[in-house]
Amino acid sequence: MALLPVLEGLHSAESFHKAFLGAFFERAREIETHPASFENALQGRIIATVFEEASTRTRLSFEAAAHRLGAQVISVADSKSTSHAKGESLLDAARMVGSYADLIVWRHPRDGATRVISQATNIPVVNAGDGRLGHPTQTLVDLYTLHREWGSLEGKTVGVMGDLRNGRTARSLLWGLTLAGARVVLLPAPGLDWEVGFETRVLERSGLRCREVAHPLFKEWTGSERARLLEPKGLLQGSLFRDQVPRVDRLDALYLTRLQVERGAEASKGAYPGIRMRQMKDPLLEECLVLHPLPRLAEVPVELDEDPRARYFEQARMGPLVRQALFLGMLRPDSWPLPDLAPMPSGNPEHRLGPCPNKGCITLQEGIRVPWRVCGRKNRHFLCAYCDSKLMAEYVGCHSSKRVHPIHSQEVMKIRPENLCPFISRDDALQDGYQWGG
Ligand code: NCD
């Protein structure tokens, strides 16, 4: 049984890889240096922007990018004005928009929405923020802002702070920073850390390790002096005493995020981490660039705006340029190609694994079956192909041999991906005609 085709477009920062980022930064730089050379690059093309959640920067910067390249834009800035409000399904809406435009940019409050949208059209779909899951073009903006400063991000230490659980920009950025070779210090607001499975997947993909590090300032932000550091293996300047937690002496950048109240997030006892001007005098932050996807709330004081380390407005200024580079790669690969993104499989909806456990998953809103995809180098994990949540699977069958095995057995690693068949229970497998082990 072949897996279904891959999804067209850009859905997750998980699709980035080094060659893509390298070529992407070069293209963005070219556009920044010679903007006039690209003025008519997308003449005659139509780009649709559909925003079913509030947006200022993201929508305007996508639209500015389209205009700067000579494309025309059709736009939905408020989903209450569309047929969605009349109960139209996302698939129907996507099919329709797809027949009017050459590329769609879509923002949606549900995790995995653009991957579903992609199934209904054969034009590229760009994720402009899907629920709490991802915001891959913001990550390109963030990485390009740092790339302009430093060239390589390799070995730089970047703190990521705030509502990691609900913030899609931080989640996407982790894929990007780890890929670019940065060391990442995680500073979640109390009670707002992301789920272990996500970080494990990033660690496994990037080959990084996770260590504890400490600094007194961390306590003011997260309630603990200790924080997790993700870094390349063998990099940490070792402490002489094995049980002493090493101290981080400097942050090269700190990425702050706001509390995502619209996703039900609450700050514990009013304590939400932010920067105080006094803290900017600490040697830890002496040369630390401050980034924020914006909008900011109290986590970045206005007094910081004039500080030479503040980069958030410059970051926002990079938005159109970065999106221009992406549009060119997707719509004019004849003249401005980019390396293909790593494919996101559209997954396999034939199974008995039940619904997606993630209450924010698009499959629950749209009443569609959850397709699974597989990942893992040492063990197989079955994920919702739309929202990346781990699906409950305890047994795995081989479609060709018709044998079923416990998920962690070595036999399962030997099954070719196209022959995998996950089950929650052994009985389900037996009922489907599989035989035990062997
Ligand atoms: C972010 C978003 O919408 O995820 N904003 C943006 O795109 N620049 C961050 C946020 O709203 O907190």
- Item | Test for Pro355: is it in contact with an Asp or Glu (Cβ under 7 Å, 6 or more places away or on another chain) and of a type outside the set (A, V, I, L, M) | no
- Pair list, Cβ < 7 Å and 6+ apart or interchain, from region 42-57 residues that are within 16 Å of the ligand (Cβ to nearest atom) to residues that are assigned to a loop (DSSP other than H, G, I, E, B): Phe51/Ala77; Glu52/Pro109; Glu53/Pro109; Arg57/Leu294
- Checklist (1) surrounded by fewer than 16 Cβ atoms within 10 Å (Cβ to Cβ); (2) of a type in the set (A, V, I, L, M); (3) within 16 Å of the ligand (Cβ to nearest atom) applied to Ala19, failing item: (3)
- Note on the structure: Flagged pairs (Cβ under 6 angstrom, 6 or more apart or on separate chains; first in region 245-266, surrounded by fewer than 19 Cβ atoms within 10 Å (Cβ to Cβ); second at pLDDT below 95) are Pro246/Ser239
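Yes/no matrix, rows are residues, columns are (1) touching a strand residue (DSSP E or B) at 6+ places or on another chain (Cβ under 7 Å); (2) among the polar types (S, T, N, Q); (3) under 21 Å from Gly129 (Cα atoms):
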site	(1), (2), (3)
His351	yes, no, no
Pro355	no, no, no
Gly360	yes, no, yes
Leu364	no, no, yes
Val370	yes, no, yes
Val374	yes, no, no
His381	yes, no, no
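Just one of Glu26, Glu14, Glu32 is free of Cβ contacts under 8 Å to residues at least 40 places away in the same chain, within 19 Å of Val322 (Cα to Cα) and among the acidic types (Asp, Glu); which is it? Even if it seems obvious, please write down each step before you answer.
Details: Glu14 fails: free of Cβ contacts under 8 Å to residues at least 40 places away in the same chain; Glu32 fails: free of Cβ contacts under 8 Å to residues at least 40 places away in the same chain.
Result of the check over Glu26, Glu14, Glu32: Glu26.
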- Message: Please determine whether any residue of region 323-334 is surrounded by 20 or more Cβ atoms within 10 Å (Cβ to Cβ), part of a strand (DSSP E or B) and within 21 Å of the chain's Cα centre (by Cα).
- Response: no
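Do you know which residues across region 141-152 are open to solvent by 10 Å² or more (accessible area, probe 1.4 Å) and of a type in the set (A, V, I, L, M, F, W, C)?
Step one: filter region 141-152 for residues open to solvent by 10 Å² or more (accessible area, probe 1.4 Å), giving 147-152.
Residue satisfying the conditions is Trp150 alone.
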- Query: Which one of Ser99, Ser37, Ser83, Ser61 is within 16 Å of the ligand (Cβ to nearest atom) and either at pLDDT below 95 or out of contact with any Leu (no Cβ under 8 Å at 6 or more places or on another chain) (or both)?
  - Reply: Ser61
- Message: Of everything in region 292-333, what is away from the ligand (no atom under 16 Å from the Cβ), within 30 Å of Gln43 (Cβ to Cβ) and not aromatic (Phe, Trp, Tyr)? Give them in sequence order.
- Response: Gln324, Ala325, Leu328, Gly329, Met330, Leu331, Arg332, Pro333
- Task: Look at Gly159 and say whether it is surrounded by 20 or more Cβ atoms within 10 Å (Cβ to Cβ) and assigned to a strand (DSSP E or B).
- Result: yes
- Quick one: which strands (runs of 3 or more DSSP E) sit completely within region 68-145 and have at least 1 residues that are free of Cβ contacts under 8 Å to residues at least 60 places away in the same chain and either assigned by TED's automatic domain parsing to the domain that holds Cys384 or within 22 Å of Gly360 (Cα to Cα) (or both)? 103-108
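The values are calculated or read from the model by the stated rules, or taken from the named source; none is laboratory data. The structure displayed is predicted, hence computed values, not measured ones. Note: ideal-geometry Cβ built from the backbone for every residue, glycine included; neighbour counts use all protein chains shown. Ligands, DNA and RNA are excluded from the accessible area calculation, which covers all protein heavy atoms including side chains. Shrake-Rupley method; radii C 1.70, N 1.55, O 1.52, S 1.80 Å.
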